[in-house]
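Below: one structure, written as structure tokens.
The values are calculated or read from the model by the stated rules, or taken from the named source; none is laboratory data. Everything numeric here is computed off the predicted structure, so don't read it as measured data. Cβ coordinates were reconstructed from backbone atoms using ideal geometry, including for glycine residues, and neighbour counts include every protein chain displayed. Each accessible area value is taken on the protein alone, full model and side chains, heavy atoms only, with ligands, DNA and RNA left out. Shrake-Rupley method; radii C 1.70, N 1.55, O 1.52, S 1.80 Å.
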2 protein chains.
Amino acid sequence: AGGGLAATLAFPSVLAASKPDWMAEPISGYEGVKGDDIKARMEAMIMQVQADFCRALEQEEADGSVGSAPVKFKVDRWIRKEGGGGITCVMQEGEVFEKAGVNISVVHGHLPPAAVAQMRARGKQMGEGVLPFTALGISSVIHPRNPMIPTIHFNYRYFEVQEPNGECQWWFGGGTDLTPYYLDENDVRHFHGTLKKACDKHNAKLYPKFKAWCDDYFNVTHRGERRGVGGIFFDDFDEPNQEKAFEFVTSCANSVVPSYVPLVKKHKKDGYGYAERQWQLLRRGRYVEFNLIYDRGTKFGLYTPGARYESILMSLPLTARWEYMHAPEPGSKEAKLTEILKNPKDWI
Amino acid sequence: AGGGLAATLAFPSVLAASKPDWMAEPISGYEGVKGDDIKARMEAMIMQVQADFCRALEQEEADGSVGSAPVKFKVDRWIRKEGGGGITCVMQEGEVFEKAGVNISVVHGHLPPAAVAQMRARGKQMGEGVLPFTALGISSVIHPRNPMIPTIHFNYRYFEVQEPNGECQWWFGGGTDLTPYYLDENDVRHFHGTLKKACDKHNAKLYPKFKAWCDDYFNVTHRGERRGVGGIFFDDFDEPNQEKAFEFVTSCANSVVPSYVPLVKKHKKDGYGYAERQWQLLRRGRYVEFNLIYDRGTKFGLYTPGARYESILMSLPLTARWEYMHAPEPGSKEAKLTEILKNPKDWI
């Protein structure tokens, strides 16, 4: 498929021979992601992560299904009239995965004033006027059917804004976090351990900082509970330089499969009953509360003109439940999880 | 129980003989709601509306149950440490009502700066500094089990702010609106007709204005759909004077039972199947989206320090569902409802 030496060096495993086996053609086209430019490399990286993760989940679904035709990801490649587009992969009503979404978006446009205000509010210096921007990212939420398998969420993104003075501001953001319904401490240690290893390759200070940031961010404030047992979360990341920052983000994104798929394998045949299912549905209600009330990405998405809301809201579970004044029995497994959500701890 | 001539004239049917048969003791006490003061009269009015509505629903539940002990409202009277409190009545997992909440709150405190900013944003002139306020209201959402019975929501409230210059600003707000899962035009005409009659007693201009306001307000913007088939909605209402405005609000609040209970009676034994239930759950997902993303009352509530979130979130359904890219079959009953939600119409 060509691409020359530069592209071959940049993605030896991916572009060397022929078209890579991604879920769809990249929004910028196969040729468009071959350059040395950071945007091209980021797009190729998230395409590969999407393909790796979706295929690993499809494999788990196939191994867990009794039917002859296991559910697979439905792939929607969509173009945004205002610029850019995305590739949304959703697997729904599987035997292992009740709803799994892995979305890529590549958006060019002009920042709406509300978005500029939000960025300034968190300390960004931004020029006045209408600011052209590009946002590239992968975002995913997996809701398994078995309550013994945790839900995972991850998001890795690159953001670039053209300033009126001709300068370009850029930064990375992202994170991976885990939301169990029942606490298996070995699972949580495996998960955090995998993320820590990915971070430590770059700088041993990053994991503790981004672990704490994650606990702060995924806070269902009105309930005084974290959404789950955390992971890592970061934004405005640009250190020590663009090349190293990209390597760090790539390393985090590549740690998603090894952090999570072993937990799916381990628990997908666990037994559970009506009570465990009801608790899972209630916890999913809290997940919905966080995503719709507090999550910055969801808000930014829904308020962006021409937003593809189906891709943003694919993060919501297939089913959820709200009971008035539900409280777990003292001493129960449900109470044990709740205790950890109210008082996040260090796992490593 | 005493109270004297003034109270007897103000609430002849309620306080004449003994303690009224409300769901609990009012937050301001039985003596505290006997005065001529607007706050006392508003509190007594909403206590009565809560009792009338809860008892009417319990009656429907009892008539619709095959079991020997029909579900009844659980009554929680709660005190807010920062001032005031409330009476939350919830009936859950009934045979007719899957989740029904009717909440009263009587809150004294100081307006948080975010609330002042929100009020200024909608045109209120407010002084600087920490502003003492009182908010009294009734709020209710009823989620029936049978998808042929619509969901109803209503809220009637009185708000008072003490300005630094010694003046007192006051206004009423509220509304009643209907969210069917299947469109029965006779139901919608009965519902709107009952509200119109309640409005017309005061001023024939009010129903058309508040009907349009309702369609504007209950807008799930990202989907381009209204939440339901509307009703009435108003805020900052203070005309022509406090006495007349209170009479208007009382008339609206008293129209809740006759607008809705006949629809419950009419449909509670209708047949339905799996497909209708699934559609109801999907529509409830949209209900959750509106309440958590856009509803001003929910936001104001959850961001108020010391908010009793269980009373605010009782509006959420027991169960809800989100499917990626769900679209009703063209020409189906589900498509017919969706069409109306995208293009609200006049019913009278």
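Report, by residue number, each residue of segment B:303-348 that is among the small types (Gly, Ala, Ser) and either under 30 Å from residue A:89 (Cα atoms) or facing chain A (nearest Cβ under 7 Å) (or both).
Matches in segment B:303-348: B:307, B:320, B:327, B:331, B:332, B:335.
Any idea which residue in segment B:149-206 is farthest from residue B:315 (Cα to Cα), counting only those that are of a type in the set (Val, Ile, Thr) and assigned to a helix (DSSP H, G or I)?
The selected residue is B:194.
Select from segment B:108-118 the residues that are open to solvent by 60 Å² or more (accessible area, probe 1.4 Å) and in contact with a Leu (Cβ under 8 Å, 6 or more places away or on another chain) and list them in ascending order.
B:110
What residue, of B:39, B:81, is over 27 Å from residue B:262 (Cβ atoms), in a helix (DSSP H, G or I) and open to solvent by 50 Å² or more (accessible area, probe 1.4 Å)?
Working: B:81 fails: in a helix (DSSP H, G or I).
Sole residue among the options that is over 27 Å from residue B:262 (Cβ atoms), in a helix (DSSP H, G or I) and open to solvent by 50 Å² or more (accessible area, probe 1.4 Å): B:39.
Can you name every residue in segment B:68-86 that is more than 13 Å from every other protein chain (Cβ to nearest Cβ) and either of a type in the set (Phe, Trp, Tyr) or touching a helix residue (DSSP H, G or I) at 6+ places or on another chain (Cβ under 7 Å) (or both)?
Of everything in segment B:68-86, those that are more than 13 Å from every other protein chain (Cβ to nearest Cβ) and either of a type in the set (Phe, Trp, Tyr) or touching a helix residue (DSSP H, G or I) at 6+ places or on another chain (Cβ under 7 Å) (or both) turn out to be B:70, B:72, B:86.
Residue A:308 versus (1) crowded, with 20+ Cβ neighbours inside 10 Å; (2) modelled with pLDDT of 95 or more: which is the lone unmet condition?
Only one criterion is unmet by residue A:308, namely (2).
Evaluate segment B:206-221: report whether one residue or more is open to solvent by 20 Å² or more (accessible area, probe 1.4 Å), more than 16 Å from the chain's Cα centre (by Cα) and on the phi > 0 side of the Ramachandran plot.
No; the residues of segment B:206-221 include none that is open to solvent by 20 Å² or more (accessible area, probe 1.4 Å), more than 16 Å from the chain's Cα centre (by Cα) and on the phi > 0 side of the Ramachandran plot.
With the requirement that a residue be under 17 Å from the mean Cα position of the chain (by Cα) and either without any contact (Cβ under 8 Å) to a residue 12 or more places away in the chain or surrounded by fewer than 21 Cβ atoms within 10 Å (Cβ to Cβ) (or both), what does segment A:254-272 give you?
A:254, A:257, A:258, A:261
Looking at residue B:55 and the list (1) surrounded by fewer than 17 Cβ atoms within 10 Å (Cβ to Cβ); (2) at pLDDT below 95; (3) out of contact with any strand residue (DSSP E or B) (no Cβ under 8 Å at 6 or more places or on another chain), which single condition is not satisfied?
So residue B:55 meets the others, but not (2).
Residues being open to solvent by 80 Å² or more (accessible area, probe 1.4 Å) and at pLDDT below 90: count how many of those fall in segment A:64-78.
Count: 3.
Select from segment B:291-302 the residues that are open to solvent by 20 Å² or more (accessible area, probe 1.4 Å) and under 13 Å from residue A:221 (Cβ atoms) and write down the one among them that is farthest from the other protein chains (Cβ to nearest Cβ).
That would be B:299.
Can you find a residue that is surrounded by 17 or more Cβ atoms within 10 Å (Cβ to Cβ), more than 22 Å from residue A:288 (Cα to Cα) and out of contact with any strand residue (DSSP E or B) (no Cβ under 6 Å at 6 or more places or on another chain) anywhere in segment A:119-130?
yes
When residues of segment B:255-282 are filtered for being within 14 Å of another protein chain (Cβ to nearest Cβ) and among the charged types (D, E, K, R), how many remain?
Count: 1.
Considering only residues that are within 12 Å of residue B:297 (Cα to Cα) and open to solvent by 10 Å² or more (accessible area, probe 1.4 Å), which ones fall in segment B:138-175?
Those that are within 12 Å of residue B:297 (Cα to Cα) and open to solvent by 10 Å² or more (accessible area, probe 1.4 Å): B:139, B:155, B:157.
Of the residues that make up segment A:245-253, is at least one open to solvent by less than 20 Å² (accessible area, probe 1.4 Å), within 14 Å of another protein chain (Cβ to nearest Cβ) and under 18 Å from residue A:135 (Cα atoms)?
There is no residue in segment A:245-253 that is open to solvent by less than 20 Å² (accessible area, probe 1.4 Å), within 14 Å of another protein chain (Cβ to nearest Cβ) and under 18 Å from residue A:135 (Cα atoms).
Conditions: (1) on the phi > 0 side of the Ramachandran plot; (2) among the small types (Gly, Ala, Ser); (3) touching a residue at least 12 places away in the same chain (Cβ under 8 Å). Residue B:193 meets all but one. Number of the miss?
All conditions are met except number (1).
Does segment A:90-107 contain any residue that is over 25 Å from residue A:272 (Cβ atoms), open to solvent by 10 Å² or more (accessible area, probe 1.4 Å) and out of contact with any Ser or Thr (no Cβ under 6 Å at 6 or more places or on another chain)?
So far as segment A:90-107 goes, yes, one or more of its residues are over 25 Å from residue A:272 (Cβ atoms), open to solvent by 10 Å² or more (accessible area, probe 1.4 Å) and out of contact with any Ser or Thr (no Cβ under 6 Å at 6 or more places or on another chain).
Filter segment A:332-348 for residues that are assigned to a helix (DSSP H, G or I) and touching a residue at least 12 places away in the same chain (Cβ under 8 Å) and give the result. It would help to see each step written out before you state the result.
Going residue by residue through segment A:332-348, those that are assigned to a helix (DSSP H, G or I) are A:333-342.
The answer is A:333, A:334, A:336, A:337, A:338, A:340, A:341, A:342.
So for segment B:314-331 (the condition being open to solvent by 20 Å² or more (accessible area, probe 1.4 Å) and assigned to a helix (DSSP H, G or I)), does at least one residue qualify?
no
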